[in-house]
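Asker: Have a look at the structure that comes next, please.
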Amino acid sequence: MGLSAVTVLGVDRPGVIATVAGALADCGVNIQDSTMTLLGGHVAMMLLVNGDLDADELTKRLCAPDLVITAAAVEARRYFGCPASGLGYVLTVHGPDRPGIISAISAALASVGGNITGMSTRLTGRLYVLIADVELPEEVDVAELMRHLAVVGAGLDSDITFRPVEPDLL
């Protein structure tokens, strides 16, 4: 079975996710990992799927007139279900919208080996909100990183919070 990355972009309407998921199921393809969101009135989906179809055949079968759908063969980079190897944190930014916010925040995290594993942003009026899931190597001096992020936030006229992820209790 091959692993493919599928991307979907189209104008949001009820049933887009059901249409794509149904088409994948009809192809005998299993969704292993996915993210779906709205971006300015458009639905944006990224899915990692596996099945017997190669990426070209999958693209042909997923054709929809109102959606832009692509599929590309990819190689698995992790085993699904394995715990993360670093320390998990949640970073939030609240402040005025301006160019360079994501660049400054991601550069500060990358400078200590931090990896953003998920991120969403929203503009509400003039307020810009960023929420990111971050994985840090265990050896990172978190207090020093927090001081650095405070300086970055001040330069952006934004408030930044950085806190450990609460472990899930199931």
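The values are calculated or read from the model by the stated rules, or taken from the named source; none is laboratory data. It should be emphasised that the depicted structure is a prediction, and the values quoted were computed from it without experimental measurement. Glycine also receives a Cβ, built like all others from the backbone with ideal geometry; neighbour counts cover every protein chain displayed.
Asker: Counting residues that are closer than 26 Å to Leu109 by Cα and outside the structural domain of Ile131 (by TED's automatic domain parsing), which strands (runs of 3 or more DSSP E) fully inside region 10-93 reach at least 3? Lay out the reasoning, then the answer.
Answerer: Numbers: elements: 30-39, 42-51, 67-73.
Result: 30-39, 42-51.
Asker: Taking region 152-170 only, how many residues are exposed (fewer than 13 other Cβ atoms within 10 Å of the Cβ), not small (Gly, Ala, Ser) and not in a loop (DSSP other than H, G, I, E, B)?
Answerer: The initial filter retains those residues of region 152-170 that are exposed (fewer than 13 other Cβ atoms within 10 Å of the Cβ), namely 154-155, 157, 159, 163-164, 166-170.
The next check asks that each one be not small (Gly, Ala, Ser); those that pass are 157, 159, 163-164, 166-170.
If we keep only those that are not in a loop (DSSP other than H, G, I, E, B) too, we end up with 159, 163-164.
The qualifying residues number 3.
Asker: Output the residues belonging to region 124-151 that are exposed (fewer than 10 other Cβ atoms within 10 Å of the Cβ) and either part of a strand (DSSP E or B) or in contact with a Phe, Trp or Tyr (Cβ under 8 Å, 6 or more places away or on another chain) (or both).
Answerer: Thr124
Asker: Something else now. Does Gly118 satisfy the criteria of being assigned to a strand (DSSP E or B), over 20 Å from the mean Cα position of the chain (by Cα) and surrounded by 11 or more Cβ atoms within 10 Å (Cβ to Cβ)? If you could, list the steps in order and put the result at the bottom.
Answerer: Working: assigned to a strand (DSSP E or B): yes; over 20 Å from the mean Cα position of the chain (by Cα): no; surrounded by 11 or more Cβ atoms within 10 Å (Cβ to Cβ): yes.
When the stated conditions are applied, Gly118 does not pass them.
Asker: Restricted to region 63-90, and to residues that are modelled with pLDDT of 90 or more and closer than 19 Å to Asn30 by Cβ, which residue is surrounded by the most Cβ atoms within 10 Å (Cβ to Cβ)?
Answerer: Ala71
Asker: From the list Ser120, Ser111, which residue is modelled with pLDDT of 95 or more and among the hydroxyl-bearing types (Ser, Thr, Tyr)? Outline the logic, then answer.
Answerer: Working: Ser120 fails: modelled with pLDDT of 95 or more.
From the options Ser120, Ser111, the qualifying one is Ser111.
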